[in-house]
Structures are given as C-alpha cells and as structure tokens.
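Participant: Sharing a structure with you now.
The values are calculated or read from the model by the stated rules, or taken from the named source; none is laboratory data. Quick caveat, the model's predicted, so the values are computed rather than measured. Please note: Cβ atoms are built from the backbone with ideal geometry, for glycine as well, and neighbour counts cover all protein chains shown. Heads up: the accessible areas ignore ligands, DNA and RNA and are worked out on the full protein's heavy atoms, side chains in. Shrake-Rupley method; radii C 1.70, N 1.55, O 1.52, S 1.80 Å.
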Amino acid sequence: MDKVAFSIPPVIGEELDAIGDAIARRRLSGDGHYTDLCRQWLEQRLGCARAFLTHSCTGALEMAALLLDLGAGDEVIMPSFTFSSTANAVVLRGAVPVFADVDPTTMNIDVDEIERLVTPRTKAIFVVHYAGRIPDMDRVNAIAARHGIAVVEDAAQSLGSSYKGRPAGTHSALAAISFHETKNIVSGEGGALVINDPQFVARAAILREKGTNRQAFLEGQVDKYTWVDLGSSYLPSEIVAAYLFPQLKATDGITADRLRSWHGYRQALEPAVDRYGITLPAPMDRDVPLNGHIFHFLLPDAERRPAFIAAMKARGSHCGFHYVPLHSAPAGRRFGRAPGGCPVTEDAAARLVRLPLFYGMGEATVARVCADVMSTLPEIFD
Ligand SMILES: *Cc1c(COP(=O)(O)O)cnc(C)c1O
C-alpha cells in the first residue's frame, strides 16, 4: 500500500506566476509589491494596527522581546510544551523563561499556573496556541492586567483559528505568526509580527530595518535615513512574499480542508478511548474554532511509543511526536526555571503522537491512517 507522508507543504498553483511577476518587477529586497499585498491581507483579516512580514516566526518573537524591552532579571511565563523559539526570544535578551505546565486535553498552558508563577520580576506571558487552539485569552488577559504584565501570542500555528469571534493574533499587544513549510499557510521560511497596540508600530519598523528610520524616510517623514536604535534584519525577500500571497488568499479553503481531516480523525478514533486508553484532543468548542493544524493524541504509556510509531511506519503511515519539554531540555535547564516542575507536560509529551495531516490529503487517506491506528493499537497495547 502507498505510504502516507507526515506533512506535505501546500501548493495553490499561483505561486510560480507570482514569483515570476516579482522577478519582472526588478525589486527583490523586502517591503516591495508582494510584501505590501501580504501586509494588507493580514491587516484586513486580523483588523490589527499593523502587520510586519518577517523572515520567520522566530524573528517576529525576537522583535516582540525587543519591543517589550526584556532584559536581565526579567521573567517571562510560557508553557514548557513549545518550540525552542518561544524561549530563545526571551533568553537572547538576557531574561529568564519561567516554564508553566499544560492542560493535557489541549496541551496549552494551564492558565491556573500563571497566577502561581507570577513574581515581582514577571514582565510578560508568552502564550502558545498549540495545534491552532487558542487558550482562554480572557482569563490570561485578566491575570496579566491585574499584575501589569504584557501578553504575547505565539500564534505560529494558529492562523485561521479564532477565539470568541476574533482571530488568532489579536488577543494581545503583540503576536507572532509562522509561514514555515510545516504550518498551514507557508512560504518555506516566513512569519509576521502582528501589532495590536499602536504604541509599538514606529519602533517595530526601526528594529526590523537594521535599527534605521528607513521606513520613515520612504514615507517622506524624514529627509535622510540613519541608524537611530538597535535592530536587525527581519524582512523577507520579495520572492518569499510572492510565494506567500496566493497562500494567504487560500487560507479559508486550506483551513476547511485540514479541519475536515481533523474531525475525521477525532470521530474515527473515538472508540479507541475506552478500548485502549488513548486520550484524544478536546473536541472543538464553538467559541474557539480550530484550524486543523495538528491532530495529536496521547498513548496509554510512554514506554511503547517508539514501538507504536515504528509499527505505524511499517504499515506506511508516518507519524510524528514533539516536544521535548523545554524545562527538561539542556538549554532550558541552563537558561530557564520551572518552579514546582511541569509533571503534566512531562507525562503527556512522552505519550503524544501526531498523525499525518496536510492540505488535500482527502477522506480516503484519513480513513486509511485511522485503520492503521486501529490495527496498531491492539498489536502494541493488548
Ligand atoms: C513553528 C513554530 C515556531 C517557529 O516558527 P518559524 O517560522 O520556523 O521561526 C515558533 N513557535 C511555535 C509554537 C511553532 O510551532
């Protein structure tokens, strides 16, 4: 039987024409025609004060850390169950990531943990939308407001999702989106910094352009441009933006397609909950629509996960898993803290399996992977 890949980057069909057009325009560095189209699309879609295209979500998170003036002694609360970039952005500024435990049904930060971990040094909370699911931002924002701390959304995985009628990336002052080829909407490498608090817009433009006021110069606000602040180069090339624009326009179709696969998996695997003791992701809440970014579930134990994944692979269905909890990773132990530990994260992360999920995989492939799961579970766990 054919193999099922774990992930395949989406192609809409208009990308090559857009790249050809970008080349014909003879302007390939950042902030040209296609970067502007992507910016406008994001700003309209999100209703944010400003969206800056970046070369990665990692870069956008670094910009957020710079904009918040994070520095030595500052603490930033974030889930331990996330990608290294969430923590690196903070560590690069000399601040300390303080790792929180997760809710095992969503793998999102356990909001009760935030209150427990706040200290007088806490300067921000970096919230991750795992698998595109937005946690209870009303509660997160209420806690942040009470303690006078900033909130940043690591919305790397959640373009297309929303919470109480408002899209991912609009529930905090600053948010970071990823267009890495493993995400829903892609440009190979790519990202965006979403700014909802207008006070950050002017400085973000400077940070992103090597610490210069080039943007103000291009807009005719100053008559020469120069080095005015610290900064780096966070712009993507026009070639990258040209790939991205047709993808952005296809967001609703890609999201609907992935969600069909997500619901297909959840429904077909329901019988395995009682029969084999697997834990499925929480169902989709009407107030918190998902984007079908990841379908994961938890096996009954961690010891047999390698055998389960190997047996799935032998059947031709390629599964994945992640993350090594950051508080237990070598760099996390060096740079971060986890007061009280993250026992739920440790347990769940070790049992987690991700099933193949990509745009256009189709019902038959979903059914085939489910059949492989339902034959592999008894083989390994009975
Ligand atoms: C993918 C991802 C990132 C990094 O995105 P890049 O665009 O590859 O830099 C950061 N945080 C989370 C939660 C991610 O899933």
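Participant: Does Asp223 satisfy the criteria of being free of Cβ contacts under 8 Å to residues at least 24 places away in the same chain, more than 16 Å from the ligand (Cβ to nearest atom) and surrounded by fewer than 19 Cβ atoms within 10 Å (Cβ to Cβ)? Break it down stepwise before answering.
Facilitator: Working: free of Cβ contacts under 8 Å to residues at least 24 places away in the same chain: yes; more than 16 Å from the ligand (Cβ to nearest atom): yes; surrounded by fewer than 19 Cβ atoms within 10 Å (Cβ to Cβ): yes.
Yes.
Participant: Okay, next question. Exactly one of these conditions fails for Thr54: (1) surrounded by fewer than 15 Cβ atoms within 10 Å (Cβ to Cβ); (2) within 21 Å of Tyr234 (Cβ to Cβ); (3) of a type in the set (Val, Ile, Thr). Give me its number.
Facilitator: Condition (1) is where Thr54 drops out.
Participant: Show the residue pairs meeting these rules: Cβ distance below 8 Å; 6+ apart or different chains; first residue within the range 146-173 and touching a residue at least 12 places away in the same chain (Cβ under 8 Å) and among the polar types (S, T, N, Q); second residue crowded, with 19+ Cβ neighbours inside 10 Å and assigned to a helix (DSSP H, G or I).
Facilitator: The qualifying pairs are Gln157/Tyr130; Gln157/Ala131; Gln157/Gly132; Ser158/Gly132; Ser161/Gly132; Thr170/Leu46; Ser172/Met137.
Participant: Can you find a residue that is touching a Ser or Thr at 6+ places or on another chain (Cβ under 6 Å) and either open to solvent by less than 10 Å² (accessible area, probe 1.4 Å) or within 21 Å of Leu352 (Cβ to Cβ) (or both) anywhere in the range 105-115?
Facilitator: Residues of the range 105-115 touching a Ser or Thr at 6+ places or on another chain (Cβ under 6 Å): none.
So far as the range 105-115 goes, no, none of its residues is touching a Ser or Thr at 6+ places or on another chain (Cβ under 6 Å) and either open to solvent by less than 10 Å² (accessible area, probe 1.4 Å) or within 21 Å of Leu352 (Cβ to Cβ) (or both).
Participant: Restricting attention to the range 312-323, does a residue exist that is buried (at least 16 other Cβ atoms within 10 Å of the Cβ), farther than 29 Å from Ala371 by Cα and in contact with a strand residue (DSSP E or B) (Cβ under 7 Å, 6 or more places away or on another chain)?
Facilitator: Checking the range 312-323: not a single residue is buried (at least 16 other Cβ atoms within 10 Å of the Cβ), farther than 29 Å from Ala371 by Cα and in contact with a strand residue (DSSP E or B) (Cβ under 7 Å, 6 or more places away or on another chain).
Participant: So which residues in the range 112-124 are touching a residue at least 40 places away in the same chain (Cβ under 8 Å) and part of a helix (DSSP H, G or I)?
Facilitator: Selection gives Arg116, Leu117.
Participant: Follow-up. Which one is nearest to the ligand (Cβ to nearest atom), of the residues in the range 79-97 that are free of Cβ contacts under 8 Å to residues at least 60 places away in the same chain and open to solvent by less than 10 Å² (accessible area, probe 1.4 Å)?
Facilitator: So the residue we want is Ala89.
Participant: With the requirement that a residue be of a type in the set (Lys, Arg) and either assigned to a strand (DSSP E or B) or in contact (Cβ under 8 Å) with a residue 40 or more places away in the chain (or both), what does the range 302-341 give you?
Facilitator: Arg304, Arg305, Arg315, Arg337
Participant: OK, next. From the list Thr345, Thr365, pick out the single residue that is of a type outside the set (A, V, I, L, M, F, W, C), over 30 Å from Gly73 (Cβ atoms) and either open to solvent by less than 50 Å² (accessible area, probe 1.4 Å) or touching a helix residue (DSSP H, G or I) at 6+ places or on another chain (Cβ under 6 Å) (or both).
Facilitator: Details: Thr345 fails: over 30 Å from Gly73 (Cβ atoms).
The conditions single out Thr365.
Participant: When the residues of the range 200-220 are narrowed to those that are touching a Phe, Trp or Tyr at 6+ places or on another chain (Cβ under 7 Å) and either charged (D, E, K, R) or on the phi > 0 side of the Ramachandran plot (or both), which ends up nearest to the ligand (Cβ to nearest atom)?
Facilitator: Arg208
Participant: Follow-up. Got a sec? Which of Asp69, Asp21 is in a loop (DSSP other than H, G, I, E, B) and among the charged types (D, E, K, R)?
Facilitator: Residue meeting the stated conditions: Asp69.
Participant: Restricting attention to strands (runs of 3 or more DSSP E) lying wholly within the range 125-199, give those where 1 or more residues are more than 14 Å from the ligand (Cβ to nearest atom) and open to solvent by 10 Å² or more (accessible area, probe 1.4 Å).
Facilitator: Values: elements: 150-154, 174-178, 191-195.
Fully inside the range 125-199 and qualifying: 150-154.
Participant: Filter the range 84-99 down to residues that are of a type in the set (A, V, I, L, M, F, W, C) and in contact with a Cys (Cβ under 7 Å, 6 or more places away or on another chain), then give me how many there are.
Facilitator: Final tally of qualifying residues: 1.
Participant: Looking only at the range 46-66, count how many residues are closer than 18 Å to Tyr243 by Cβ and part of a helix (DSSP H, G or I). Explain how you work it out, then say what you get.
Facilitator: We begin by selecting, within the range 46-66, every residue closer than 18 Å to Tyr243 by Cβ; these are 51-57, 59-60.
Then drop every residue that is not part of a helix (DSSP H, G or I), which leaves 57, 59-60.
Selection size over the range 46-66: 3.
Participant: Here's a follow-up. Anything in the range 200-220 that is buried (at least 20 other Cβ atoms within 10 Å of the Cβ) and acidic (Asp, Glu)? List them, or say none.
Facilitator: Result: Glu209, single match.
Participant: Which ones in the range 229-262 are part of a helix (DSSP H, G or I), among the small types (Gly, Ala, Ser) and surrounded by fewer than 23 Cβ atoms within 10 Å (Cβ to Cβ)?
Facilitator: The first filter runs over the range 229-262 and keeps only residues part of a helix (DSSP H, G or I), leaving 238-249, 251-262.
Next, only the ones that are among the small types (Gly, Ala, Ser) stay: 241-242, 253, 256, 261.
Selection gives Gly253, Ala256.
Participant: Counting just the residues of the range 58-70 that are of a type outside the set (A, V, I, L, M) and open to solvent by 10 Å² or more (accessible area, probe 1.4 Å), which one comes out nearest to the ligand (Cβ to nearest atom)?
Facilitator: First, pick out the residues of the range 58-70 that are of a type outside the set (A, V, I, L, M): 58-59, 62, 69.
Now narrow it down to the ones that are open to solvent by 10 Å² or more (accessible area, probe 1.4 Å): 58, 62, 69.
On the way: Thr58: 3, Glu62: 10, Asp69: 21 Å.
Taking the candidates together, the pick is Thr58.
Yes or no, residue by residue, for (1) at pLDDT below 95; (2) among the aliphatic types (A, V, I, L, M); (3) touching a His at 6+ places or on another chain (Cβ under 8 Å):
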{"position": "Met312", "(1), (2), (3)": "no, yes, yes"}
{"position": "Glu346", "(1), (2), (3)": "no, no, no"}
{"position": "Pro356", "(1), (2), (3)": "no, no, yes"}
{"position": "Ala371", "(1), (2), (3)": "no, yes, no"}
